[in-house]
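Peer 1: Right, I'll just put the structure down here and ask away after.
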Amino acid sequence: MKEKGLTKRMSKNIVLVVEDDEPKRRSITGFLQETLRQDVELRTAESLASALSVLGAFKIVFAVVDMSIPTFDFVKDRRGGGQPQGFGGADILRFIDSETDSTRSVVLTQYEEFVLPQDGVRRDPRGLEDMLRSELDERFLGVIHYDGQHGVWRKSLRKVLEALSLVREI
């Protein structure tokens, strides 16, 4: 299948989680494994490079993206990965916007405020969402605040998954 010039490997529905913080990634993927339909495959990426690799290789139906991620994966016992890029997640969202036809996305962040690169002004997650909505198409579904392993974010993310018909029936 071709998607904006890229050849994608077909598989069942795939959800991608882009998160470099291991405890947070485990919390998110655990929730998704409990929530997603059984025909949905879950993939993870820990950096900008690995996320772009997965997005280039597979047809992703939905992506959960952290804003602050390193450029490359950290390799144990080796220096690497680089410092988290404050808006590395925005680069992933721009790739989704320009290089895919159907991937939907949300930002899931634990930061309570951001200094936006274009103007240096501190803003809350709503300000980040407004900035992203101004440059991305309607497939970007918003910003969800991650507030701990069992936080309110679960309800917000579940609502998005239900709207995309990705939730398992009980």
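Peer 1: Can you name every residue in region 103-126 that is closer than 24 Å to R154 by Cβ and surrounded by fewer than 13 Cβ atoms within 10 Å (Cβ to Cβ)? Before you say what the answer is, go through the steps one by one.
Peer 2: Of the residues in region 103-126, the ones closer than 24 Å to R154 by Cβ are 103-114, 124-126.
Residues satisfying the conditions are E112, E113, R126.
Peer 1: Kindly evaluate A63 against the criterion of being open to solvent by less than 10 Å² (accessible area, probe 1.4 Å), assigned to a strand (DSSP E or B) and modelled with pLDDT of 95 or more.
Peer 2: On the way: open to solvent by less than 10 Å² (accessible area, probe 1.4 Å): yes; assigned to a strand (DSSP E or B): yes; modelled with pLDDT of 95 or more: yes.
It is true that A63 is open to solvent by less than 10 Å² (accessible area, probe 1.4 Å), assigned to a strand (DSSP E or B) and modelled with pLDDT of 95 or more.
Peer 1: Still on this structure: Is it the case, given these coordinates, that G120 is of a type outside the set (A, V, I, L, M, F, W, C), within 12 Å of the chain's Cα centre (by Cα) and not in a helix (DSSP H, G or I)? Steps first, answer last, please.
Peer 2: On the way: of a type outside the set (A, V, I, L, M, F, W, C): yes; within 12 Å of the chain's Cα centre (by Cα): no; not in a helix (DSSP H, G or I): yes.
The answer is no for G120.
Peer 1: Being of a type in the set (D, E), in contact with a Phe, Trp or Tyr (Cβ under 9 Å, 6 or more places away or on another chain), part of a loop (DSSP other than H, G, I, E, B) and open to solvent by 20 Å² or more (accessible area, probe 1.4 Å) narrows it down to one residue among D137, D147; which is it? Working first, answer last.
Peer 2: On the way: D137 fails: in contact with a Phe, Trp or Tyr (Cβ under 9 Å, 6 or more places away or on another chain).
None of the other options fit; the residue is D147.
Peer 1: Moving on to the next point. Among residues belonging to region 150-161 that are in a helix (DSSP H, G or I) and without any contact (Cβ under 8 Å) to a residue 40 or more places away in the chain, point out the one that is least open to solvent (accessible area, probe 1.4 Å). I'd like the intermediate steps shown before the answer.
Peer 2: Step one: filter region 150-161 for residues in a helix (DSSP H, G or I), giving 153-161.
Restricting the remaining residues to those that are without any contact (Cβ under 8 Å) to a residue 40 or more places away in the chain gives 155-156, 159.
Details: K155: 159, S156: 49, K159: 147 Å².
Among residues in region 150-161 that are in a helix (DSSP H, G or I) and without any contact (Cβ under 8 Å) to a residue 40 or more places away in the chain, the one least open to solvent (accessible area, probe 1.4 Å) is S156.
Peer 1: If the requirement is being in contact with a strand residue (DSSP E or B) (Cβ under 6 Å, 6 or more places away or on another chain) and either surrounded by 11 or more Cβ atoms within 10 Å (Cβ to Cβ) or at pLDDT below 95 (or both), which of these qualifies: E129, E169? Show your work before the answer.
Peer 2: Working: E169 fails: in contact with a strand residue (DSSP E or B) (Cβ under 6 Å, 6 or more places away or on another chain).
E129 is the lone residue from the list that is in contact with a strand residue (DSSP E or B) (Cβ under 6 Å, 6 or more places away or on another chain) and either surrounded by 11 or more Cβ atoms within 10 Å (Cβ to Cβ) or at pLDDT below 95 (or both).
Peer 1: May I pose another question? Does V121 qualify as being farther than 24 Å from E99 by Cβ, out of contact with any Lys or Arg (no Cβ under 8 Å at 6 or more places or on another chain) and β-branched (V, I, T)? Please lay out each step first, then the result.
Peer 2: Working: farther than 24 Å from E99 by Cβ: yes; out of contact with any Lys or Arg (no Cβ under 8 Å at 6 or more places or on another chain): yes; β-branched (V, I, T): yes.
The answer is yes for V121.
Peer 1: Can V54 be described as in contact with a strand residue (DSSP E or B) (Cβ under 6 Å, 6 or more places away or on another chain), aliphatic (A, V, I, L, M) and over 24 Å from K159 (Cβ atoms)? Reasoning before the result, please.
Peer 2: Working: in contact with a strand residue (DSSP E or B) (Cβ under 6 Å, 6 or more places away or on another chain): yes; aliphatic (A, V, I, L, M): yes; over 24 Å from K159 (Cβ atoms): yes.
In short, yes.
The values are calculated or read from the model by the stated rules, or taken from the named source; none is laboratory data. Note that this is a predicted model, so its numbers are computed, not measured. FYI the Cβ positions are ideal-geometry reconstructions off the backbone, even for glycines, and counts take in every protein chain you see. Note: areas computed on protein heavy atoms with side chains; ligands, DNA, RNA excluded. Shrake-Rupley method; radii C 1.70, N 1.55, O 1.52, S 1.80 Å.
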